[in-house]
Every structure is written in structure tokens, then in C-alpha cells.
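Following: one structure in C-alpha cells, then a few remarks.
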Amino acid sequence: MALHCPECGFTNADSANYCQRCGSYLGGAQADRPADSATATYRVDETGELVPVDVDEVVAHEGAALVIRAGGGRVGESFPLTGERMTIGRRPDSDVFLDDVTVSRDHALLVRRGGDYYLDDLGSLNGTYVNRQRIESHRLEDGAELQVGKFKLTYLSK
């Protein structure tokens, strides 16, 4: 069995303690975490303060949300999906701003088509992944794991 890095998703040998690609520790975070633990979620308000968020309430009200699960020290930050299009990238005015060199300025786009959200890669250097598969365009389903650079996000919908 292979070990997937919790930070970058790289597949490592099962005997590895550290990721061969990014150097992240592979054993402690998952091994020490109880199976029923949950990630506290929050959003950053206009003043830069962290505001606790009930993701179930956001999903019920807005219909869908993205939650950062790993990467960049921002675990738990959430983004309600509003509107027909949301940009993801390293550009400061992106709707989902992910400030890291592994993320392209204009990395990906969330687009509502019909009643569903689709994730479209915008020709990013490191690619965009859904459930560990590199994609060009992909219809998102509840619980899907997205990877944008070193960030892992979960798509939640009602």
C-alpha cells in the first residue's frame, strides 16, 4: 500500500516517513487523529479577523462551499459558492485566493452549469486535481477532494 502526502498528494512508498516531493511528515497527522474528528471552519471577514462558520448552515443557505483541508496553514477556511463563476488562484483579487508559488495566478475557475458546479483548469502549471485525478473540466459532487497547488479543499453541497 502506498502513502499519499497530506500536503501535496504525491504517492510515496509505504515505508516512507517524509514525502519525497515536498518533505512533509507522512505519519503523525493522520495516525494521531481520531476517526470522528472534525475540522473547525471559519471565514476571514473584512478586517482580517477569523469568524467561525457552520458549514452545514452555509451549504443549506448558499447550496455549496469549499473548505481548505490541508496546505498553507489555512486549514478550516471556507468559501461559500455564490454566483455563476468564482476564480481560484494566486491573484489577490481571486474569489478563492491561495497565496503560494504552487498555485498559478489564474489557476482554476468554478462555473455553475445548470444546477451543478464544474471545476475548470485554466492552463495552470501544476494542474488541477479532483479526487487525485488531473482534470481539464470536471463536474463536482458532494465530498469531492480538490487539489490546487499544495492546497487540498473539499467541495460540500446539499
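Numerical summary
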read-out	value
Cα gyration tensor shape of the range 66-107, rounded if a/c is under 1.5, else prolate or oblate by comparing a/b with b/c	oblate
Sequence-distant residues sharing a close amide H with F10 (under 5 Å, placed H)	C5
Residue-count net charge about L98 - beta-carbon cut-off 12 Å; Lys, Arg +1, Asp, Glu -1	+1
Local electrostatic count at R85 - Lys and Arg +1, Asp and Glu -1, tallied over other residues with Cβ under 11 Å	-1
Whole-Hz couplings from phi, Karplus 6.51/-1.76/1.60, listed for the range 123-140; x for Gly and Pro	x, 5, 5, 8, x, 10, 10, 10, 6, 6, 10, 5, 10, 9, 8, 8, 6, 8
Cα→Cβ-extended label distance, 7 Å offset, between N131 and R105, nm	3.4 nm
Two-site label geometry, T82 and T47: point separation in nm, points 7 Å out along Cα→Cβ	2.0 nm
Protection proxy ranking, peptides 74-81, 123-130, 103-110, average beta carbon neighbours within 10 Å, highest first	103-110, 74-81, 123-130
Sum of side-chain charges, H138 neighbourhood, beta-carbon under 11 Å (Lys, Arg +1; Asp, Glu -1)	-3
Rounded to whole Hz, the Karplus (6.51, -1.76, 1.60) HN-Hα couplings of the range 71-79, x for glycine and proline	x, x, x, 10, 4, x, 5, 10, 9
Spin-label model distance (nm) - R112 vs A2, 7 Å beyond Cα toward Cβ	3.7 nm
Built amide H within the under 5 Å cut-off of T128, gap 5+	I135
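Values in this text are rule-based calculations from the coordinates and carry no lab data. Computed from a predicted model, the values in this text were never measured in an experiment. Heads up, the Cβs are rebuilt from the backbone with ideal geometry, glycines too, and the neighbour counts pull from every protein chain shown.
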